[in-house]
Structures are given as structure tokens and as C-alpha cells.
Amino acid sequence: MNIENNRSELEEGSFLFQHPRESGFKAPEGYFDTFDARLTERLQTEQEQPKASSARVVWLSPRYAAAAAVVLLLLSVAFWQPWTASVEGKTMAENSAIEALQEVSLEEAEAYVLEHIEEFDEELLMASMGDEVNLSKDLSEEELNQYLEDEGLENLSDEELEQLL
Amino acid sequence: MVDSPTAPNPEAKILELLDSKMTFERGFQLLVQQYKERLYWHIRRMVVQHADTDDVLQNTFIKVYKGLPKFKRQSKLYTWLYRIATNEALTFLKKQRQNHSIDDEDLALSRRLKADQYFEGDRAQRLLQEALATLPDKQRLVFNMRYFEEMPYKDIASVVDTSVGALKASYHHAVKKIESYVRDNAR
């Protein structure tokens with residue numbers, strides 16, 4: 001049914017369409033005249049707020065904690081495998097892959113995992129975390145704010161955030 | 001001053017100013033001037049009280065200021081602004097709801113309207129607000145944008161990230177529910 005075309009049907013004898021489309025709300029006199037100045041003041045206040053200490057402990061969501069855990073797992077495998085490869089009879093291709101993995105920096109590995117997080121098996125991610133579901137990590141204020149905004153958590157207090165996680 | 005939706009403002013000038021670091025602040029000032037009233041009424045219809053609307057509107061523009069460098073221009077500027085304002089309003093309502101039981105909401109709205117010195121609605125407008133309070137937030141949102149602002153479905157779809165067909169159905173259901181509420185409660 002095309003509702004837009006049948007609008008007259010909805011409107012016929014209707015309460016909604018017999019009255020002016022006004023909500024009845026009003027704004028205080030002069031409100032919009034002073035709004036810009038108050039907003040500017042608030043923006044300045046926000047920009048002047050001191051940055052949080054870089055040593056601050058951040059409670060990470062399981063998703064990000066899992067990503068960090070996978071990075072650690074990959075690195076530990078990369079450094080541990082060379083001593084066991086000959087014993088377990090790895091193929092040349094497998095050894096080449098291990099060597100290649102050893103050349104990947106922590107930052108590169110972390111970036112890759114975060115970028116492809118949706119492709120990782122959830123059970124593998126959770127298993128790789130062990131019992132730890134929260135990690136501390138040094139994040140810049142900007143990174144932290146971006147993360148909280150992405151997760152829709154920016155308006156929560158620290159206590160609410162900890163309870164949630 | 002009463003609510004009166006204004007026509008969309010040209011975005012080109014604002015976007016041009018926002019493009020340069022030299023003129024970014026001027027562009028943002030112009031953006032606020034152009035859209036503050038429209039966004040105010042959009043938020044006000046959702047959160048009802050003026051003081052709450054003022055908070056949500058300020059939060060909206062703070063988010064806009066911080067988010068503008070990431071605005072990719074895949075949508076109209078005004079629908080992007082509406083999207084942020086909508087998210088802020090819904091977040092506010094969610095928090096507010098945590099402090100009240102669902103059963104108390106209709107009564108609370110009725111009391112708030114009576115106590116609100118910035119509500120000047122007549123009997124029909126009060127009844128409409130009470131009917132709107134019975135709708136789920138997202139249905140009320142769609143109804144408001146379509147009924148009060150007469151926003152094209154395509155633009156509403158961009159704001160709430162839903163298909164036009166689903167929006168039409170949502171609006172249709174909202175109209176039916178409101179009419180039904182008015183029939184049962186008009187005295």
C-alpha cells in the first residue's frame with residue numbers, strides 16, 4: 001500500500017489533519033540570541049580541560065581485549081615456533097610463514113587484527129584471552145574519546161563503564 | 001516564540017568555509033546560526049522540556065564541532081546534523097527512562113506539560129503530546145519529522161538509517177495509534 005499516495009484517506013475526518021501542525025511548545029524570549037555565545041563559551045571550556053594522565057587504566061571491552069590477546073598469541077607463536085619446527089617436521093612453506101610473521105612488528109600486527117576483527121572466529125578470540133577480560137593500555141585522550149564515541153559509551157561515568165564491562 | 005520549521009538552508013557556503021582551517025571557525029558559527037532553531041525544535045519535540053533541550057542541543061553542537069573533520073559528505077549536511085541531534089536526544093531519553101518506571105511516563109509527561117512554563121499548547125495540542133508519549137521513541141521521531149517538519153521520507157531515511165518503506169509503515173502506524181488515543185481520551 002502506498003501510504004503517501006493515500007494520505008487523503010488518512011486525513012479524512014482525522015484529528016491530526018484538522019488542527020494546525022504545531023506542538024504548542026515555545027522557547028524563552030531571546031533564547032536563540034544568546035545560544036551562540038553560550039555554546040562558544042562551553043566549547044572553550046571543553047578545549048581548556050587538562051588531558052588525562054597517560055598512565056590512566058582503561059577498561060577495554062571484550063572485543064578490544066580479545067584483539068590485544070590475539071596479537072600477543074600471534075607473537076608468542078612466532079617466537080616459539082622456530083625451536084619446535086624441526087621437531088614437529090614443519091614444511092618449508094610453514095617455516096617461511098613463521099619467518100614472515102616474525103618480521104611483523106607489534107604495531108603492524110595489532111593494526112591488522114583490529115582492522116580485520118570481524119573476520120576472526122569469536123571463540124578463538126575469547127579463548128586466546130584466558131581469564132583476563134580487561135587490560136590496561138596507554139591510550140591518548142583522542143583515541144580514548146574516539147573509542148568511547150564509537151561504542152556509544154561517551155556519556156557513561158567511570159563507575160557505569162566499569163559495571164558494564 | 002513558538003516552533004516553526006524553517007526551510008533548509010543552503011549548505012554550500014558553510015561547507016566551503018569549513019573546508020579551510022583559516023575559515024573553519026567562521027563556517028561553524030554560520031552552521032550554528034543556520035541550524036540551531038531547526039535542531040532545537042527537533043530535539044524539543046523528543047525531550048519535551050526546554051532546559052533538557054538546551055543541554056541536548058549544546059551537546060549536539062559539541063559533537064558536530066568535533067566530528068566535522070570526519071564528515072565525509074556522503075549525505076546532506078542537514079541530515080547529518082539531524083542524525084547527531086537524534087542520537088543525543090535518544091541517549092538522553094534512555095538515561096531519563098532509567099530513573100523512571102515505564103508506567104509512570106505518561107503521568108510524568110502530563111505533569112511536566114502542566115508545569116512547563118514554555119508549553120502554551122491548547123487542549124488539542126496537549127492531547128496530541130500525551131498521545132505522542134505513548135509511542136516508542138523511534139516511531140515518535142519519525143512521526144515528528146514527517147508531521148511537524150514535513151521532511152521528505154528520503155531525508156528521514158538518511159537520518160534514522162532505515163528504508164523509506166519501513167518509514168512509511170512506521171508513520172502510518174503512528175497516525176493510527178494517535179487517532180485511537182485521541183478517540184479514547186478526548187472528553
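A few remarks follow.
- Whichever residue in the range B:98-137 is away from every other protein chain (no Cβ under 12 Å) and not in a helix (DSSP H, G or I) and, among such residues, is modelled with the lowest pLDDT: B:101
- Residue count for the range B:113-136, restricted to those that are among the basic types (Lys, Arg) and more than 20 Å from residue A:18 (Cβ to Cβ): 1
- Note on the range B:165-187: residues that are at the interface with another protein chain (Cβ under 9 Å from one of its Cβ atoms) and either within 20 Å of residue B:83 (Cβ to Cβ) or under 17 Å from the mean Cα position of the chain (by Cα) (or both) total 2.
- For the range B:33-51, the set of residues classified as more than 8 Å from every other protein chain (Cβ to nearest Cβ) and more than 13 Å from residue A:25 (Cα to Cα) consists of B:34, B:35, B:38, B:39, listed by residue number.
- Contact map, the range B:148-164: residues that are among the small types (Gly, Ala, Ser) paired with residues that are part of a helix (DSSP H, G or I), Cβ distance under 7 Å, separation 6+ or inter-chain. Pairs shown: B:157/B:164; B:157/B:167; B:158/B:79; B:163/B:157.
- Of the helices (runs of 4 or more DSSP H) that lie entirely inside the range B:1-91, those containing 2 or more residues that are under 22 Å from residue B:148 (Cβ atoms) span B:24-47, B:50-67.
- Condition check for residue B:159: away from chain A (no Cβ under 14 Å) and surrounded by 16 or more Cβ atoms within 10 Å (Cβ to Cβ): yes
- Number of positions in the range A:1-59 that are modelled with pLDDT of 55 or more, assigned to a loop (DSSP other than H, G, I, E, B), within 18 Å of residue B:124 (Cα to Cα) and not small (Gly, Ala, Ser): 5
- As for the range B:163-182, it holds no residue that is at pLDDT below 90 and not in a helix (DSSP H, G or I).
- Residue match in the range B:165-184 (condition: free of Cβ contacts under 8 Å to residues at least 24 places away in the same chain, hydroxyl-bearing (Ser, Thr, Tyr) and within 18 Å of residue B:76 (Cβ to Cβ)): no
The values are calculated or read from the model by the stated rules, or taken from the named source; none is laboratory data. Computed from a prediction, not measured in an experiment: that's the story for all the values here. FYI the Cβ positions are ideal-geometry reconstructions off the backbone, even for glycines, and counts take in every protein chain you see.
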